[in-house]
Each structure stands twice: as C-alpha cells, then as structure tokens.
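Here's the structure we're looking at; comments come further down.
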Amino acid sequence: MKYFDFAATTPLDQDAAEVYVKAATEYFGNTQSLHDCGSQANILLENCREELAQLMGIHKKGLYFTSGGSEGNFLAIEALLSSPLKDGKHIIAGIAEHSSIHGVLNRLKKQGYDVTLLPFNEDGLIDPELLLQSIRPETILIIVQHVNSEIGTIQPIEEIAKIAKDNHIHFHSDFVQSFGKINLKAIAPLVSSFSFSGHKIYGPKGVGGVYIKPEIPLIPFFPGGSHESGFRPGTLNVPAIAAMTAAAQKIIGRLEEDRTKFQLLRKAFIETLEPIKQWVKIYQADHERQLDNIIGMRIAGIEGQWMMLECNRFDFAISTGSACQIGMQTPAKVTEALGLDKEAAKEFIRISFGHSSTTEDIIKLGETIVQIVEAFKPAPVID
C-alpha cells in the first residue's frame, strides 16, 4: 500500500530504531537511581535534552519530556494557568486546535473559565486583528497551533506572540506538526510554552516533550513527582527519548531538501487533478504560510470517508483529517474553523507526504482520485 497519511504518523526511522535498541539494552537504568546504571541513563537523558534544546533554540531548563503532544498540551496549559501574568479567567483559542486542547478547554469551562474560539479566514489562518479584538482585561491565555494538521497552514506566531506580550498574556502553541518540518529557532523563544511529538518525525510513538519558559514559576499539576524536576511523575522512557532525538537530528538536518521535494510533490499532485478541477477545492494559504506536505481538500458531492475507502481499495492510504478526531466520527475541526456547512464538511479529505513519497506514486494517487470522481460523476460544482 502507498502511504499518504504522514500527518497522522510516520514509520520509525531505521537509525532511530537502532538507537532505541541500544539505549534499551545498554542504558536501561532508572534515571533517578543513584547507582552507575542510573547515572549512565541520566547522562544520556540530559544529553538528549541539551541536543533538542539546541535544535529548537531554547534553554534546556524549560524542556520536559512527556508521552507525546497531547500530554504536552495538557501539562502546558495547566502550568500556564497556575502562574498567570494577571488576574482573570478568559482564554482565547483557535477553533481548529487539536482535540487534546479542546478536551482541556471543555473541562476548564466547567471550572468557570470563559473560552473564545477564533475561526480561520479564507486562507486558513487566524486573523491577528480578530484576535486583538477578542482580548479582554481578564484574558490570561492564548492558544494557537503553529501548523494546522489538516490543511497545513502556518499561523502567524510572531504576530500573535507580540500581541500576547503587549497584553501580558501567556501564549501556548502546539508545535507537533511544525517540529521537524520548519526551523523553529526564531519562533520557539517567542511563546510561553509549546508541545512536540516524536512519532510525527520518524521517531517512536508514545514520546514527546513540552517547553515552558524557565522564568515562569509554574505549579506542577501532579504534585509530589520526582522525575523531570517534579514537573511530571513516572519513570522516563529514555530509549524512546534517545530515538526521538536521533530522528530530530536527522530530519532537521534535511529541512531544505524536504521543503524542495514536497513543493514538487504538491505541484505534481494538484496538476494531476486538472481533469476534475471544477469539483475540487483545496484549502491553503500563500506559499510562505503553507506547509507543502499537507493537502486538505474536498470534492463536491463525494463524502470524504467514501473517497478514503475507495482510495484504500486501490492501495492508497489517505485520511479524512486528524486521526485523533476520526475515532469520534465527527468532521475535522478545521472544517468548522473554515465555516463549512455540515454536508461540505463531510467531503473533506487529507493527503500528506513523507520521505518515502515519490512523484510517480503521487501522480498515480491523483489519477486514481480522478478515476474515482469520473466514475462517480458528482453533480455539484465548487465555486
């Protein structure tokens, strides 16, 4: 099967797998143990922390390892709320945030927090002016995902960070889709906190991290923990952390190579859809605000789930949006952010490229979609 769902997860890189096995067999000690086995594991852990901090341009003191992006989002939000810059209970977030963000927000609403959700404009971006207008004296937290996982648009983090700073508001950003795809060194220091994950960059599943500015005097959500400076309980998965670090070094080292490749793949795929262009709508921003390896689109008159199953029948793996949302059988959050009605939302599909993707395969996928559409003969035409 030809895999085109890299925005959901990626295969484990062979070099990262070898690092995992070596760490699991030779550095298996508990990092909190005082014997040599523990000390050796702790040295490896801290080397990984320092390397990842350098790759992202942050201070290693603020970097904590987690089980992934979802846990990172949860812990970051709770940490920032434990140490607000001013009094208040108002939070601003994007409608299209990851389900882990919405899960926390829904619980916070029950605790008396007021939440304002911002839509996307026609380019799939948060409008900084609308964000500014939504700020109240009691606004204490802004949450905006760096790269949308369903259409790949890159949010104006620099502008949002300035707005947050000028108004004494903490700013959390989900970096899960941008980590390893975009150079974060200029952006990471601007936010109060961000989360990232290993399995999106050819590292293992079940490992990730969160950065919280060291100067923020946070209160850990789980008290009494001895790991990660008391920030998070539980014995650390050092082999997975080491493998994720190896995968990060590798993917960040080929950023420009990947960028060029994905631009060409995106262009080839879109050109292949030319015979059915009257039925196709691709949601994207201008080039500088678009991650090329994610294509979010819909085909008028054809439900996304049916198209996904038909592509699967032809041995192509695509998706209907975030894998964390699909299990709930609800439309991708981005469709709501874009203002699509219920029927249009059901037509949404996502194609995402990765290192193993080839021009030949992406053209074959495009031709297969054209074949499916022409056989189905949908009636409506997208404006």
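Within region 133-186, the residues that satisfy the criterion of being charged (D, E, K, R), within 17 Å of residue 201 (Cβ to Cβ) and in contact with a Leu (Cβ under 9 Å, 6 or more places away or on another chain) are 181, 185.
When residue 51 is tested against the conditions (1) open to solvent by 20 Å² or more (accessible area, probe 1.4 Å); (2) not in a helix (DSSP H, G or I), the lone failure is (2). Do you know which residues across region 339-368 are open to solvent by 60 Å² or more (accessible area, probe 1.4 Å) and part of a helix (DSSP H, G or I)? Those that are open to solvent by 60 Å² or more (accessible area, probe 1.4 Å) and part of a helix (DSSP H, G or I): 342, 343, 359, 360, 364, 367. The set of residues in region 201-233 being touching a residue at least 24 places away in the same chain (Cβ under 8 Å), out of contact with any strand residue (DSSP E or B) (no Cβ under 9 Å at 6 or more places or on another chain) and small (Gly, Ala, Ser) consists of 206, 226. Listed by first and then second residue, the pairs linking a residue in region 167-178 that is touching a residue at least 40 places away in the same chain (Cβ under 8 Å) to a residue that is assigned to a strand (DSSP E or B) and open to solvent by 10 Å² or more (accessible area, probe 1.4 Å), with Cβ atoms under 8 Å apart and 6 or more places separating them unless they lie on different chains, are 178/154. Residues in region 48-73 that are free of Cβ contacts under 8 Å to residues at least 60 places away in the same chain and either polar (S, T, N, Q) or within 16 Å of residue 100 (Cβ to Cβ) (or both): 54 only.
Working carefully through the options 119, 84, 128, find the one that is more than 30 Å from residue 26 (Cα to Cα), without any contact (Cβ under 8 Å) to a residue 60 or more places away in the chain and not aliphatic (A, V, I, L, M). Let's see the steps before the verdict.
Values: 119 fails: without any contact (Cβ under 8 Å) to a residue 60 or more places away in the chain; 84 fails: without any contact (Cβ under 8 Å) to a residue 60 or more places away in the chain.
Unique residue meeting the criteria: 128.
Take the conditions among the aromatic types (Phe, Trp, Tyr) and farther than 28 Å from residue 156 by Cβ and apply them to residue 262. Does it pass?
no
Is it the case that region 14-32 has a residue that's in contact with a strand residue (DSSP E or B) (Cβ under 9 Å, 6 or more places away or on another chain), in a loop (DSSP other than H, G, I, E, B) and closer than 17 Å to residue 207 by Cα? Looking for residues that are in contact with a strand residue (DSSP E or B) (Cβ under 9 Å, 6 or more places away or on another chain), in a loop (DSSP other than H, G, I, E, B) and closer than 17 Å to residue 207 by Cα, one finds none in region 14-32, hence no. Which condition number does residue 43 fail, the rest of (1) over 21 Å from residue 155 (Cβ atoms); (2) assigned to a helix (DSSP H, G or I); (3) of a type in the set (A, V, I, L, M, F, W, C); (4) at pLDDT 95 or above being met? Going through (1) over 21 Å from residue 155 (Cβ atoms); (2) assigned to a helix (DSSP H, G or I); (3) of a type in the set (A, V, I, L, M, F, W, C); (4) at pLDDT 95 or above one by one, residue 43 breaks only (4). Inclusion of residue 40 among residues that are among the polar types (S, T, N, Q), surrounded by fewer than 21 Cβ atoms within 10 Å (Cβ to Cβ) and touching a helix residue (DSSP H, G or I) at 6+ places or on another chain (Cβ under 7 Å) is not warranted.
The values are calculated or read from the model by the stated rules, or taken from the named source; none is laboratory data. Just so it is clear, the model here is predicted, and its values are computed rather than measured. FYI the Cβ positions are ideal-geometry reconstructions off the backbone, even for glycines, and counts take in every protein chain you see. Side chains included, ligands, DNA and RNA excluded: accessible areas come from the protein's heavy atoms. Shrake-Rupley method; radii C 1.70, N 1.55, O 1.52, S 1.80 Å.
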